Structures are given as C-alpha cells and as structure tokens.
Amino acid sequence: MTEIWNPWHGCKKYSEGCENCYMYFLDKQRDKDGSEIYKVKTNFNLPIKKGRDKQYKIKSGSSLMVCMTSDFFLEEADEWREEVWEMIRIRQDVSFWLQTKRAERVKECLPSDWGDGYKNVSLTFTAENQKRADERIPILLDIPLKRRGIMCAPMIGEVSLDKYLATGKIDIVLADGENYEGNRPLYYEWIKRLYDECLKYNVSFEFVGTGNYFIKDGVTYHIPKAYQKVMAQRSGLNIPQKDVNVKVQKKCKTCKMNASCNGCRWCGKCK
Ligand code: SF4
C-alpha cells in the first residue's frame, strides 16, 4: 500500500519547473496562499500514529510518498526535519520516498547516522529540463543512498539522462507533463527518448501523465487532467519497476484516478 505523508505544507518557488506549481493552484482554489509554510499538525506524526488497537495505522510493508505539497529539503522546514528522521528510523518496516529540487541542501540536512543511507529511504531529484538535470543529478549520484530516482516533471524541455543512467546508480525515472494552470507542452519524442535510454540500461521507467498539452507527430492534444494518466499508460512507454513501488495504489484498473470505478466518462470499463 502506498500513501502520501505531508508533514509540512507550502513552499517557495525555486526553479522554472515551479512556475505553475499544482500546490499553489490548489491552495488558490481554497483561498489559501501556497507560499505560507506550516507544519501539518494533524498528520505530522503519521508514520507512528496508532489506532485504538494499539497498532500502527501505517501498516508494515507500506510506502509513504513524503512532502507531496512541499519540498522535503525546504530551508523553512529545517526545524521540523529531525523529528521526521526519527520517525523514519522508528519505522524501518516502511519505505519512504523523498523528493526534492533543492539538491545542494541534501547533504547538510542528512542525519548524523546516515552512513551509506537508510535502507528504507529512497530519494528522487526533480529534473524538469536538461539544465536542472545537469545541475542536480551529479549531486544525487554523490549522495550515499540505497535507491535513487529522477523525476522529469513537469517536463518542460528535452532531457537526456544517458550518461547518468550509465553509472548504474539510478533505479527509476519518472516523467510527467504540466497540469492545472500550466500550458507548457510535453512532446512524445521527449518521453520516447527517456524510455529508450532507460531500456538501454535496464532502468525502470514510468510515464506518469501527458500533462495538459501533449504533442505527437506535430499534432497538439489538449488532454483533461482525468485522462492524462490513461493516455500515458496507453502509450506503452513504461518499464515495470523491479524491487521498488512508487505507484499510489488505486482500485480503478483503467483510469487509476478513482478509488473505485464510478463509470467516469473517460473510462466506465471496469468490471
Ligand atoms: S519545489 Fe515543488 S512544491 Fe515547491 S514550489 Fe516548486 S513545484 Fe511547488
């Protein structure tokens, strides 16, 4: 089971991939300001929360995607991070996926007993274009880690990862287009190139979604959010994960958007 854990919320825009940050968009919908950073008190201790039966609410063997509405290495969260490391140490039986754009902050923010990396922590760096890939991925390769990932999202330029994948140190690559208010296009050729490079080095690849504007063979497709994941899956440009699982578990087998099939207009095919 994969779940989301947001110990803090809010962020400061950091690089060009942040321009149309979905968290800012969703906060605006609720009359909130995404630049207001705060500790999510109700869920801060999620990994060690226990139910009435005295058992952890997060079951053994689960995966937690951490900081999906912020950045794990955000400077403003420095005072809260040590508590988070402590919870990660306590829950050795749970996998934690951390994601960041703040590559240069990672080493100074690791706990003192990090060693070769906690066995239950994976780290993914965002690389929205080649410039950011070339800045951040050498840092990622230099950090002692059990599992490394690269997230090309929102992918706003062509990216080649060949020389980084050749190191054998990257476990998974993910790619997605821009959503919500974003209108920067994603090209099929960019995804195909990443897929081919991952295939060459036997690295897992997940084409997560097409984004709002997807261009293939010179034709621009305006794809609603609810259908972006379906279209990405239909492209066949996915290489199954080996020993890792970062997919958020959903019950609808086709659209992956809903907890169960509700016969939405994009799908309605679940039996
Ligand atoms: S780092 Fe992520 S959460 Fe923060 S502003 Fe950029 S896109 Fe948004």
- Would you calculate the volume per residue, in Å³, of the smallest convex hull containing every Cα atom of region 103-171? 83 Å³
- Query: Using θ = phi - 60° and the Karplus curve 6.51 cos²θ - 1.76 cosθ + 1.60, what whole-Hz ³J(HN,Hα) does each residue of region 81-86 get, with Gly and Pro shown as x?
  - Reply: 5, 4, 5, 5, 4, 4
- Query: Given the rule -39500 (n - 2.57) for each run of at least 4 DSSP H residues, summed and divided by the residues of the chain, what is its mean residue ellipticity at 222 nm, to the nearest 500 deg cm²/dmol?
  - Reply: -7000 deg cm²/dmol
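With contacts defined as alpha carbon pairs under 8 Å and 6 or more residues apart, what's the relative contact order of the chain in percent? Spell out each step's value before the answer.
Working: 526 pairs, mean separation 36.4, N = 271.
Relative contact order of the chain: 13 percent.
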- Using the Karplus equation 6.51 cos²θ - 1.76 cosθ + 1.60 (θ = phi - 60°), what ³J(HN,Hα) coupling, rounded to whole Hz, does each residue of region 110-124 give in order, writing x for Gly and Pro? 6, x, 5, 9, 4, x, 8, x, 5, 5, 9, 10, 10, 10, 10
- Query: DSSP beta bridges in the chain, what fraction antiparallel, as a percent rounded to 5?
  - Reply: 20 percent
- Point-charge dipole on Cβ atoms (K/R +1, D/E -1) for the chain, about Cα centre, debye to 20: 1480 debye
- When the convex hull of its Cα atoms is projected in every direction, mean area for region 2-234 (nm²): 13.4 nm²
- Message: Please arrange H9, H222 by how many other C-beta atoms lie within 10 Å of their C-beta, fewest to most.
- Response: H222, H9
- Item | Of K163/K229; K41/K107; K32/K101; K12/K39; K12/K119; K119/K169, pairs whose Cα-Cα distance is over 18 Å | K163/K229; K41/K107; K32/K101; K12/K119
- Item | Summed side-chain charge close to L145 - residues other than L145 whose Cβ falls under 12 Å, Lys, Arg +1, Asp, Glu -1 | +3
- Message: As a footprinting exposure proxy, order S122, S62, S112 by other Cβ within 10 Å, with the fewest listed first.
- Response: S112, S62, S122
- Placed amide H near V40: partners under 5 Å, 5+ positions off or other chain: W8, H9
- Note on the structure: Expected vector for region 139-156, Karplus 3J(HN,Hα) from phi with 6.51, -1.76, 1.60 and θ = phi - 60°, integer Hz, x for Gly and Pro, equals 5, 4, 5, 8, 8, x, 8, 7, 9, 10, x, 10, 10, 8, 7, x, 6, 10
- Task: Please list the non-local residues whose amide H lies under 5 Å from the amide H of G211, H modeled 1.01 Å from N, same-chain partners needing a gap of 5 or more.
- Result: G177
- What is region 100-239 by shape, rounded, prolate or oblate, if you read a ≥ b ≥ c off the alpha carbon gyration tensor as root eigenvalues and call it rounded for a/c under 1.5, prolate for a/b larger than b/c, and oblate otherwise? prolate
- Can you give the FRET efficiency for M68 and N183, using 1/(1 + (r/R0)^6), R0 = 22 Å, r = Cβ-Cβ distance, to the nearest 0.05? 0.50
- Query: If you count, for each residue, the other Cβ atoms within 10 Å and average over each peptide, how do 84-96, 165-177, 203-215 line up from highest to lowest?
  - Reply: 203-215, 165-177, 84-96
- Of region 6-33, those with amide N under 17 Å from the point 7 Å along the Cα→Cβ vector of W80 are 6-13, 23-24, 27, 32-33
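Here, each number is a calculation from the coordinates, and none is a lab measurement. Predicted model only: the values in this text are computed from it and were never measured. Using ideal geometry, Cβ is built from the backbone for each residue, glycine included, and neighbour counts are taken over all protein chains shown.
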